[in-house]
Amino acid sequence: MAEIQLKSLAHSYSKNPSGPEDYAIRQMSHVWHNGGAYALLGPSGCGKSTMLNIISGLLQPSEGEVLFDNVKVNELSPKDRNIAQVFQFPVVYDSMTVFDNLAFPLRNAGMPKARINAKVEEIAAILELDNVLHNKAKNLTADEKQKVSMGRGLVRDDVSAILFDEPLTVIDPQLKWRLRRKLKQIHEQFNITMVYVTHDQLEASTFADKIAVMYDGQIVQFGTPRELFENPNHTFVGYFIGSPGMNLIPVQRTETGVEFDNIPLIIHPDLLRHIDASTSSNIKIGIRPEFVYLSNTPSDDTYECQVNYIEDLGTYQIVALELGSRSLLARIDEDQMIEGDTVYIGFPRQWLKLYIDEFLVEGVAE
Ligand code: ADP
Ligand code: MG
């Protein structure tokens, strides 16, 4: 087991990168702590597989260092890094039985036969592969093959870390849910550092204690599911996490605060100071649909809004609103009644976030 540190890491697939857009990983530093269950979450093409391959040694980074327990491993081959990696599509030896596939990494590591048998049986039972243990891998279904592939990563409890690269893509939804539970169970049992790559926020938050959200070659936030929800560090996190994502509205500085479409917004003076200190004109406010205050009657600090439509989703409702020329979504309880097509909305101060150049401006003590 190991702590994995990425230090000033950057990677470009191009030999002569001319700018940041030529980098699959833009310069970043990050630590995966020993024994953690982590998810690396981000859209397709943001650099997730590139990062995993750099950790496992399949890929040499163009800049920066990879350290395991403070020891630089850049020069070590994948084999010597002692990492198990499970890929999106199954990697199994078709001509071998399931048992031999699972035993393979253990035999390679020189483990005694009795322990190999015990270990293979343990993992086969967890993955519900016991009844096909002596079948040839080539006769398995796609699901079973992927379970074997995962099993090969999981049998060794001496590895520094296990990296999963969207391993459940080919698995049917019902089984997916069960396998995710099993992975978590295995993590709790063996406490191995696990990094689980996915583009699915639900998958990330059911597996991981902490999620690294990756966007455009960088980790833009590393936090618990709750931190990502309550305090998105980047507009992308706001937009990508949550259902629906955060409302984001470009605003302009005025003499007394900010505004959009001539609608003045009250912003904490601390935040205004940040705007004044910045030369950027890329300023946005963000508020999650869950935190938009909604009432049939006006009060202080509310804005009159048009109701475009209401979508009833059983346990909650999504209200589509129009404030000025902007569309906003609010998420309210199933039993809150909206009367007519005008409502009054407010932005509770603690939930109104300010973003300059897409990054959160921190620092309002309540
Ligand atoms: P993800 O796993 O998040 O979908 P990748 O790490 O596979 O993202 O890819 C990140 C970026 O690097 C993408 O723009 C992709 O097109 C590019 N890329 C990935 N692999 C290669 C490669 N072997 N050669 C050139 N470009 C690549
Ligand atoms: Mg990938």
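The values are calculated or read from the model by the stated rules, or taken from the named source; none is laboratory data. In this text, all values refer to a predicted model and were calculated from it rather than measured experimentally. Methodologically, a virtual Cβ is constructed for each residue, glycine included, from the backbone with ideal geometry; neighbour enumeration extends over all protein chains shown. Ligands, DNA and RNA are stripped out before the accessible areas are found, and what is left, the full protein with its side chains, is counted by its heavy atoms. Shrake-Rupley method; radii C 1.70, N 1.55, O 1.52, S 1.80 Å.
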>> Let me check I have the definition right: for the range 48-146, take the eigenvalues of the Cα gyration tensor, multiply each by 5, take square roots. What are those semi-axes in whole Å, largest first?
In response: 30, 17, 11
>> What is the distance in Å between the Cα centroid of the range 72-113 and that of the range 162-181?
In response: 19
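Starting from 0.36 nm per residue, how many nanometres of slack lie between Asp270 and Thr169 once their C-alpha separation is accounted for? Working shown, then result.
Values: separation 101, 0.36 × 101 = 36.36 nm, distance 4.51 nm.
Contour length minus Cα-Cα distance gives 31.8 nm.
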> Which of these, Phe240, Phe222, Phe260, has the largest mean-square fluctuation under a Gaussian network model of the chain (Cα springs below 10 Å)?
Replying inline: Phe260
>> Treating the chain as a set of equal point scatterers at the Cα positions, no solvent, please give the Debye-formula log₁₀ I(q)/I(0) at q = 0.10, 0.12 Å⁻¹.
In response: -0.75, -0.95
> When the chain is modelled as a GNM with alpha-carbon springs shorter than 10 Å, which of Tyr355, Tyr215, Tyr309 fluctuates the most?
Replying inline: Tyr309
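Could you give the dipole magnitude of the range 4-238 about its Cα centre, charging the beta-carbon of Lys and Arg +1 and that of Asp and Glu -1, in debye to the nearest 20?
Dipole size: approximately 500 debye.
With a 1.4 Å probe and every protein chain left in place, work out the accessible area per residue of the chain in Å², rounded to a whole number.
48
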> Between Asn308 and Asp94, what length in nm is gained on full extension when 0.36 nm per residue of separation is reduced by their alpha carbon distance?
Replying inline: 71.4 nm
>> Below 27 Å, Cα to Cα, which lysines can Lys176 reach? Residues fewer than 8 away in the same chain don't count.
In response: Lys48, Lys119, Lys136, Lys138, Lys145, Lys147, Lys184, Lys210
> How many nm is it between the label spots at Asp22 and Trp177, if each spot is 7 Å from the Cα in line with the beta carbon?
Replying inline: 4.8
> Considering only protein heavy atoms and a 1.4 Å probe, what is the carbon-and-sulfur percentage of the accessible area of the chain?
Replying inline: 48
> For Ser243 and Lys15, FRET efficiency with R0 = 41 Å and r from the beta-carbon atoms, rounded to 0.05?
Replying inline: 0.50
> Working out 0.36 nm times the residue gap between Arg107 and Glu128, then minus their Cα-Cα distance, what length gain in nm do you get to one decimal?
Replying inline: 5.4 nm
>> Taking R0 as 25 Å, what FRET efficiency do you get between Asn74 and Asp209 from their Cβ-Cβ distance, rounded to the nearest 0.05?
In response: 0.35
> For Asn117 and Ala142, what is the calculated FRET efficiency with R₀ set at 25 Å and r taken between the beta-carbons, to the nearest 0.05?
Replying inline: 0.40
